[in-house]
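Only the coordinates and a few stated rules stand behind these numbers; no lab work does. Bear in mind the structure is a predicted one, so any value in this text is a computation, not a measurement. All Cβ positions, even for glycine, are placed from backbone atoms using ideal geometry, and neighbour counts span all protein chains on display.
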Amino acid sequence: MPQSLPTPKLHCACCGRPFTRPSGRGPAPLYCSADCRTQIRIRQRVWSSRPGYAASGPTNHRTANHRDTRFETACAS
């Protein structure tokens with residue numbers, strides 16, 4: 001008889017509460033409930049509308065291709 005592996009506890013990316021995965025199919029969920037998914041969508045919409053916080057706006061100069069050198073020291077290689 002095959003042994004089933006214990007379901008690992010996941011932690012919600014919104015509220016941090018531990019939860020169990022409802023299904024073994026597909027990718028693991030990030031949020032414990034529909035309320036948390038809604039909350040994250042609202043936060044992303046608000047954050048992206050603020051100047052300087054948009055992921056792809058003209059005010060954001062720190063991208064994957066450009067390092068932020070403000071905090072580098074002279075001896076960093």
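A compact table of results
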quantity: Taking Arg17, Arg37, Arg50 and counting other C-beta atoms within 10 Å, the order from fewest to most; calculated: Arg50, Arg17, Arg37
quantity: Stretch gain in nm, segment Arg21-Val46, where the contour uses 0.36 nm per residue and the Cα spacing is subtracted; calculated: 6.1 nm
